[in-house]
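Worksheet: one structure, shown below.
The values are calculated or read from the model by the stated rules, or taken from the named source; none is laboratory data. Please read all numbers here as calculations on a predicted model, not as lab measurements. Backbone-built Cβ (ideal geometry, glycine too); neighbour counts: all protein chains shown.
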Amino acid sequence: MQTNNVIRVKFKDSKRYIFSSKPFTFQSFLECVANKFDLPTMDVKVFDDSKTEVDEEAFVYLLTRPDLGVLEIVIPCTANIDDSLSSSSLGDEGTSESDDTAMLITSPPEKNLAEEHRLAKMIEEILKTSPGGEKIINEYTRTKGLSDTRRRDMVKILVAHLTNEHGTSPSRRLKEEYAKGIISLFPCLADPRSKLGYEHYYNAEDGSGYLAWRIKTLQKEASEGRMKRPRQPQTGGPTADRQSYKEDCYLTDDRHCQEAIALMKHTADEAVVKEKMKLTLAYRQKLLHDPKKSADILSVFSRFLDIPGLINQDFGLLFGDATSAKLLEKWSTNIKPKVIAQSRGLTQTSELQDLIQNAEATEVEEGWDSDMSSILMLVHLLPPSSQGRKRPGKISAKQACDHLVKFIKTGNSIQGHLDSIGERLQPYLLAVGPNKSRIHSWFIVIDQHALPCKASNSLACVDELFKAHFVFGTSYCQELTNVFSFLQTAVYDIDVETTKVNPRVSELRARILQ
């Protein structure tokens, strides 16, 4: 009676494996086993855990299973197998789990590269065979990026192909493949601040992104009544409850806090005020996240109203000095030139042309100075998102700029300005001077109060305005959410993984940070 020799090949985990330069097929698997164990024949049979014989089709199926398990290779008894071979593993000499077990080792980078190459070739083929696709490829080759126009053309081409091939409701897997294929073919379009890099084209968590939006415009069904995947709530940003960066000797006892607050209100020594403000940070944060008490923060800690620098101090205590300094360190040398370059690709309105001209000037005679002009260009690059049927609806970038900074001439009453705006919680900058290019005083206006800025230059005041959102726990102005989200995640690197951003923000991050 003929007996058989058996080699048991165990897969270490649920990942797919590649162990040669050839594609991972049933034939290459057998060749690897034959070469490893010096088998004189390929006339073998393969069985899975259930003792079912495995052929080429079944092998492909097994690779998709969560648990690949153990495969048994049965060799006729005539094959001469050296017993010592059972103590080694394929591609990893000298390791084993048992005398008759050989472990295949993984090579994820090769697998990932193969998958990315496949998806990149798929996207390239679609573009090359579609009208206008060559222009997209050529522009990326020339500039290592895509303008808004070319990006929209690319999304339209890919969605048209996707829906033609798979219907108007393609699966999440297909949309993810197309999104991943885009950044595999055009790596500079990847968002380096997002988890996967392609969420601005398709985010499976909430169904957002350029591909998803385009598909929705093609679907004829009414949006009302559809079952929508619940969105994950935003957990990062200025309204998040957080602990301080440094755990110094903060006062936690209410009685001691009240004593420090009473002393701050009456002392003229700024050094004493700043020290007591440090000690009451935890107490202040507690008040900010109490809905019943948060509105009273400026009456309880009234020294915000007359001592500049307290906003910067609180922000530094919350996030550390390195984070606090990032805008001033990065903007002028790294980000500002790229913002100007990106703005040239927009439709050139008279307002935008003036901003570009001023941003590039060393001295400005009329209009905002160079730094403020470059910040306002961000509003044009990241205009307000449409609010649907909500009033007042979508506003222009020019109108949105007015939500970031307002100007009044020297001699006009600041209190009169505060009385005229009505109640408004989101902070903005108020610039006072003879004209926009010569500002003498800067204030942060919040809840009908004008808080003096410590700095006299516009960029440092924008820095302080951004920090005020976190210090006072207030949400971003709806018209400026995209702008502040960009600064938060691309410049300050705060709550990058926990803050949901608009795909426009992700796209600009990809262009600026590459």
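Observations on the structure shown:
- Flag for L305 being on the phi < 0 side of the Ramachandran plot, surrounded by fewer than 16 Cβ atoms within 10 Å (Cβ to Cβ) and not aromatic (F, W, Y): yes
- Pair list, Cβ under 8 Å, 6 or more apart: the stretch 259-279 residue assigned to a helix (DSSP H, G or I) and modelled with pLDDT under 90, other residue loosely packed, with under 13 Cβ neighbours inside 10 Å and of a type outside the set (S, T, Y): none
- For A282, the criteria (1) of a type in the set (A, V, I, L, M, F, W, C); (2) over 30 Å from N457 (Cβ atoms); (3) outside any helix (DSSP H, G or I) hold in every case but one, which is (3).
- Whichever residue in the stretch 416-440 is in contact (Cβ under 8 Å) with a residue 12 or more places away in the chain and of a type in the set (S, T, N, Q) and, among such residues, is surrounded by the fewest Cβ atoms within 10 Å (Cβ to Cβ): N435
- The one condition in (1) under 15 Å from G309 (Cα atoms); (2) assigned to a strand (DSSP E or B) that K454 fails to fulfil: (2)
- Positions within the stretch 331-347 being within 22 Å of the chain's Cα centre (by Cα) and either under 23 Å from F443 (Cα atoms) or aromatic (F, W, Y) (or both), in sequence order: W331
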